[in-house]
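Undergrad: One structure coming up, written as structure tokens, with questions to follow.
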Amino acid sequence: MQTTEIGNDIRKFLIEEFLFGGGQTLSDDVPLLGNVIDSQGVIELVSFVQQRFKIEVDDEEVTTDNFGSIKSVVALVEKKLRIPG
């Protein structure tokens, strides 16, 4: 799976679920927490990422470093996809 494809899937989810279809200018570096999602939104995003990309996100990985922007979520997904188990 390509980086752009991962980013596009995450962006589409955020726009549809949290911006109600308006937010096509959501860039990879926009801080998500407080701007796009709240703490409940983080839980929903983690759930989406796990289901969509068939990965397991450990509790200690749910940090602003990993879920602070689309770019950081993509980096986490790519890392998880490369490392089995």
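Derivation of every value follows stated rules applied to the coordinates shown; laboratory data play no part. All values derive from a computational prediction rather than experimental measurement. Neighbour counts are summed over all protein chains in view; Cβ atoms, including those assigned to glycine, are modelled from backbone coordinates with ideal geometry.
Undergrad: What pairs come up if the first residue lies in the range 9-36 and is in contact (Cβ under 8 Å) with a residue 24 or more places away in the chain, the second is part of a loop (DSSP other than H, G, I, E, B) and of a type in the set (Gly, Ala, Ser), and their beta carbons are under 7 Å apart, counting only those six or more places apart or on different chains?
TA: What qualifies is ASP28/SER69; ASP29/SER69; VAL30/SER69; PRO31/GLY68; PRO31/SER69; LEU32/GLY68; LEU32/SER69; LEU33/GLY68.
Undergrad: If we only count helices (runs of 4 or more DSSP H) wholly inside the chain, which ones have 2 or more residues that are aromatic (Phe, Trp, Tyr)?
TA: Those helices (runs of 4 or more DSSP H) span 3-18, 39-53.
Undergrad: Can you work out which of the residues in the range 45-85 that are touching a Lys or Arg at 6+ places or on another chain (Cβ under 8 Å) and surrounded by 13 or more Cβ atoms within 10 Å (Cβ to Cβ) is farthest from THR3 (Cα to Cα)?
TA: Among those that are touching a Lys or Arg at 6+ places or on another chain (Cβ under 8 Å) and surrounded by 13 or more Cβ atoms within 10 Å (Cβ to Cβ), it is VAL57.
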